[in-house]
Amino acid sequence: MTIELFVTAGVLDAERKHALAERILYALTTEDDAPDTVLDKARELTHVLVREPDVWATGGPAAPRYLVRLTVPGSWSNNPRFADHVVPMITEAIAATEPDPERLTREPHCVIQIVGLRERGLAALGRPLTGTEITELMTEDYRNSGETREAPEGFAIDPICGMTVELATAELTLTHNGTYYAFCAPTCRKLFTEEHAIPA
């Protein structure tokens, strides 16, 4: 994941830029019910860049403006719940640094663009990767750890990433060898079907 934050020139000094980048990084890679190994790998694969454009023309008041470009695999951005999940996180992380934290929900001064890359449009390890391969890379330490997590009543543990999934609202499920599984995201379900040679 790459997050580019463009901010009005002269608003933030270097220390505040760094603090804001860290705040966004941790906002997007912190989940109470996710294993630390998955979150650590997610942070390693996430990049936050803070930039001040030389020229920025826009109308309205001169209050600090923010433009965020979030670039992710298309298979992530095509999930309708993805934007609903990340947009508030990014907005709240930026707003927390403002004198008036409510401004960014009252005024359209923080625009977020979610850019989905075509499959194999992101590369690491010297080769192009699919969205599923990125999920595999993010979760391999957890899956190889042998860690078992107990799900509370009415929940299941995603076997790929270790996230807790509420069974009553789970949209991504399947039964394999008599066991019912629930997944937090389409890429986790896809990776599971690929690893177990289950027809899609």
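The values are calculated or read from the model by the stated rules, or taken from the named source; none is laboratory data. Just so you know, these numbers come straight off a predicted model, no measurement behind them. Cβ placement follows ideal geometry from the backbone for every residue including glycine, while neighbour counts extend to all protein chains displayed.
Note on segment 106-124: among residues that are exposed (fewer than 13 other Cβ atoms within 10 Å of the Cβ) and more than 20 Å from the chain's Cα centre (by Cα), the one that is nearest to residue 63 (Cα to Cα) is 108.
Within the option set 173, 187, 193, 105, being out of contact with any Cys (no Cβ under 7 Å at 6 or more places or on another chain), of a type outside the set (Gly, Ala, Ser) and part of a strand (DSSP E or B) holds for one residue only, 173. Residue 112 meets each of the listed conditions (1) under 22 Å from residue 89 (Cα atoms); (2) modelled with pLDDT under 95 apart from (2).
Here's the yes/no breakdown for (1) buried (at least 16 other Cβ atoms within 10 Å of the Cβ); (2) modelled with pLDDT of 90 or more; (3) in contact with a helix residue (DSSP H, G or I) (Cβ under 7 Å, 6 or more places away or on another chain); (4) small (Gly, Ala, Ser):
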residue: 148; (1), (2), (3), (4): no, no, no, no
residue: 160; (1), (2), (3), (4): yes, yes, yes, no
residue: 163; (1), (2), (3), (4): yes, yes, no, no
residue: 167; (1), (2), (3), (4): no, yes, no, no
residue: 178; (1), (2), (3), (4): no, yes, no, yes
residue: 183; (1), (2), (3), (4): yes, yes, yes, no
residue: 192; (1), (2), (3), (4): yes, yes, no, no
residue: 195; (1), (2), (3), (4): no, yes, no, no
residue: 198; (1), (2), (3), (4): no, no, no, no
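Determine which single condition residue 58 fails, assuming it passes every other condition in (1) at pLDDT below 90; (2) buried (at least 16 other Cβ atoms within 10 Å of the Cβ); (3) of a type in the set (Val, Ile, Thr). Only one criterion in (1) at pLDDT below 90; (2) buried (at least 16 other Cβ atoms within 10 Å of the Cβ); (3) of a type in the set (Val, Ile, Thr) is unmet by residue 58, namely (2). Residue selection: residue 97 fails the criterion of being at negative phi, outside any strand (DSSP E or B), in contact with an Asp or Glu (Cβ under 7 Å, 6 or more places away or on another chain) and surrounded by 14 or more Cβ atoms within 10 Å (Cβ to Cβ). Within segment 121-138, residues that are acidic (Asp, Glu) reach no partner that is assigned to a strand (DSSP E or B) and crowded, with 20+ Cβ neighbours inside 10 Å with beta carbons closer than 6 Å at six or more positions or on different chains. When residue 180 is tested against (1) under 24 Å from the mean Cα position of the chain (by Cα); (2) in contact (Cβ under 8 Å) with a residue 24 or more places away in the chain, just one condition goes unmet, and that condition is (1).
Matching residues to (1) farther than 24 Å from residue 80 by Cα; (2) among the acidic types (Asp, Glu); (3) in contact with a Phe, Trp or Tyr (Cβ under 6 Å, 6 or more places away or on another chain); (4) not assigned by TED's automatic domain parsing to the domain that holds residue 43:
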| residue | (1), (2), (3), (4) |
| --- | --- |
| 130 | no, no, no, yes |
| 137 | no, no, no, yes |
| 155 | no, no, no, yes |
| 158 | no, yes, yes, yes |
| 175 | no, no, no, yes |
| 179 | yes, no, no, yes |
| 187 | no, no, no, yes |
| 191 | no, no, no, yes |
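Looking only at segment 65-114, filter to residues that are in contact with a strand residue (DSSP E or B) (Cβ under 7 Å, 6 or more places away or on another chain) and hydroxyl-bearing (Ser, Thr, Tyr); which one of those is farthest from residue 48 (Cα to Cα)? If we take residues in segment 65-114 being in contact with a strand residue (DSSP E or B) (Cβ under 7 Å, 6 or more places away or on another chain) and hydroxyl-bearing (Ser, Thr, Tyr), then 77 is farthest from residue 48 (Cα to Cα).
Looking only at residues in segment 1-23 that are of a type outside the set (Val, Ile, Thr) and part of a strand (DSSP E or B), the one that is farthest from residue 120 (Cα to Cα) is 6. Kindly evaluate residue 67 against the criterion of being more than 30 Å from residue 169 (Cβ to Cβ), assigned to a helix (DSSP H, G or I), in contact (Cβ under 8 Å) with a residue 60 or more places away in the chain and not assigned by TED's automatic domain parsing to the domain that holds residue 171. When the stated conditions are applied, residue 67 does not pass them.
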